[in-house]
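Report on the following structure.
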Ligand SMILES: [Zn+2]
Ligand SMILES: [Zn+2]
């Protein structure tokens with residue numbers, strides 16, 4: 001059994017075939033999925049999916065690439081929404097994305113700090129998106145952890161060794177996506193090798209970034225199997241062992257998500 005800890009099932013890419021896609025995930029052993037919020041304004045759509053599919057859970061939050069559009073959302077709002085809905089099991093995705101400069105660093109940071117506060121208060125895991133922002137991300141995580149710990153995930157990890165080490169040191173989880181399987185990702189596999197087993201998660205970030213076996217195709221939750229296979233190789237374990245480890249980690253991290 002595996003859990004896809006990060007996908008975007010509400011995206012229009014999946015419009016015509018969600019029933020099939022969830023079935024394919026179950027058939028591949030991907031028994032539960034967390035579909036991740038990119039705009040609080042779209043939470044109703046995510047909640048509708050979690051109602052339709054018992055195995056699908058969701059988060060609430062604003063992606064850094066949308067940060068400026070939702071600066072009216074406070075930490076109180078995030079806490080209230082997370083507590084009001086049984087199937088909201090995480091805060092985010094939020095963070096810093098300096099690769100795409102559609103939003104100012106200031107707006108991204110303002111939004112990010114509110115999400116951190118909400119994670120600290122609810123103790124739900126914070127789903128962190130960090131791209132081309134290693135130094136600022138590490139500094140904020142250190143500062144904010146000092147004010148009071150919060151569970152967090154560095155999702156779709158593709159940053160440098162320093163940020164991985166900082167995340168582990170501060171008690172966070174490191175989640176690997178299909179990027180781990182790409183031939184050119186040797187440096188990332190070297191970083192994964194050094195992440196303690198009890199901090200590893202796997203995800204697809206579907207519809208983006210299909211792993212090697214399906215490279216170039218639209219990604220979907222069932223494909224997380226390939227990422228877990230490569231992670232098992234990297235760690236010198238069997239696929240079954242890696243599946244068990246990452247699934248146990250997912251339930252520990254997403255503590256509000258029941259094992260179905
Ligand atoms: Zn992301
Ligand atoms: Zn995402």
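The values are calculated or read from the model by the stated rules, or taken from the named source; none is laboratory data. A quick note: this is a predicted structure, and the numbers were derived from the prediction, not measured. In this analysis, Cβ positions are derived from the backbone assuming ideal geometry, glycine residues included, and neighbour counts consider all displayed protein chains.
A few notes on this one:
- Checking residue 204 against (1) in contact (Cβ under 8 Å) with a residue 60 or more places away in the chain; (2) under 22 Å from residue 109 (Cβ atoms), the condition it does not meet: (2)
- Flag if residue 23 is part of a helix (DSSP H, G or I), surrounded by fewer than 17 Cβ atoms within 10 Å (Cβ to Cβ) and within 16 Å of ligand 1 (Cβ to nearest atom): no
- When residue 100 is tested against the conditions (1) surrounded by 14 or more Cβ atoms within 10 Å (Cβ to Cβ); (2) assigned to a loop (DSSP other than H, G, I, E, B), the lone failure is (1).
- Flag for residue 196 being within 13 Å of ligand 1 (Cβ to nearest atom), surrounded by fewer than 19 Cβ atoms within 10 Å (Cβ to Cβ) and within 20 Å of residue 2 (Cα to Cα): no
- Residue within the range 146-155 that is part of a helix (DSSP H, G or I) and out of contact with any helix residue (DSSP H, G or I) (no Cβ under 8 Å at 6 or more places or on another chain) present: yes
- Residue 158 passes every criterion in (1) within 14 Å of ligand 2 (Cβ to nearest atom); (2) in contact with a helix residue (DSSP H, G or I) (Cβ under 7 Å, 6 or more places away or on another chain); (3) not in a loop (DSSP other than H, G, I, E, B) apart from (3).
- For the range 161-186, a residue qualifies if it is in a helix (DSSP H, G or I), within 15 Å of residue 233 (Cα to Cα) and more than 16 Å from ligand 2 (Cβ to nearest atom), and the qualifying residues are 181, 186.
- Among the residues making up the range 208-224, a single one is in contact with a strand residue (DSSP E or B) (Cβ under 8 Å, 6 or more places away or on another chain) and surrounded by fewer than 19 Cβ atoms within 10 Å (Cβ to Cβ): 218.
- Of residues in the range 48-66 being in a helix (DSSP H, G or I) and over 17 Å from the mean Cα position of the chain (by Cα), the one surrounded by the most Cβ atoms within 10 Å (Cβ to Cβ): 49
- The range 225-258: number of residues that are in a helix (DSSP H, G or I) and either out of contact with any strand residue (DSSP E or B) (no Cβ under 7 Å at 6 or more places or on another chain) or farther than 13 Å from residue 3 by Cβ (or both): 16
- Filter result for residue 75 (in contact with a helix residue (DSSP H, G or I) (Cβ under 7 Å, 6 or more places away or on another chain), surrounded by fewer than 20 Cβ atoms within 10 Å (Cβ to Cβ) and modelled with pLDDT of 95 or more): yes
- So residue 35, is it within 16 Å of ligand 2 (Cβ to nearest atom), under 19 Å from residue 3 (Cα atoms) and buried (at least 24 other Cβ atoms within 10 Å of the Cβ): yes
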